[in-house]
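Before any comments, here is the structure.
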Amino acid sequence: MTTTEQTIIVAPPVLPNGTRSLKEAVRVFERNVIMDELQRNNFDKRRVAKLLGISISSLYRKLAELSIEDRESELAESPDSGGVIQ
């Protein structure tokens with residue numbers, strides 16, 4: 001029995017001057033990975049930190065650095081959610 005994993009490739013952002021910044025590409029990548037894991041794990045931050053191999057304090061620091069808000073704020077801003085938390 002085999003499992004299929006989906007790989008998502010995110011191109012680094014192109015900056016206004018046409019160059020790509022490694023720092024910004026890393027930021028976008030980290031944000032995408034953290035958001036994906038938060039959504040997959042029902043925003044259980046302790047579980048996500050463990051899965052990512054970082055401390056809970058490091059995860060909270062990354063959430064702040066990457067402007068990732070808590071579940072309620074994310075859902076309230078989503079037009080599809082109607083502000084409902086599942």
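Which condition breaks for residue 64 when tested against (1) modelled with pLDDT of 70 or more; (2) of a type in the set (A, V, I, L, M); (3) surrounded by 12 or more Cβ atoms within 10 Å (Cβ to Cβ)?
(3)
Picking from 32, 42, which residue would you name as being exposed (fewer than 14 other Cβ atoms within 10 Å of the Cβ), at pLDDT 80 or above, in a loop (DSSP other than H, G, I, E, B) and not acidic (Asp, Glu)?
Of the residues listed, the single one that is exposed (fewer than 14 other Cβ atoms within 10 Å of the Cβ), at pLDDT 80 or above, in a loop (DSSP other than H, G, I, E, B) and not acidic (Asp, Glu) is 42.
Mind checking whether some residue in region 9-26 is at pLDDT 95 or above, out of contact with any strand residue (DSSP E or B) (no Cβ under 6 Å at 6 or more places or on another chain), in a helix (DSSP H, G or I) and exposed (fewer than 10 other Cβ atoms within 10 Å of the Cβ)?
no
The values are calculated or read from the model by the stated rules, or taken from the named source; none is laboratory data. Bear in mind the structure is a predicted one, so any value in this text is a computation, not a measurement. Positions of Cβ are backbone-derived with ideal geometry, glycine not excepted, and every protein chain shown enters the neighbour counts.
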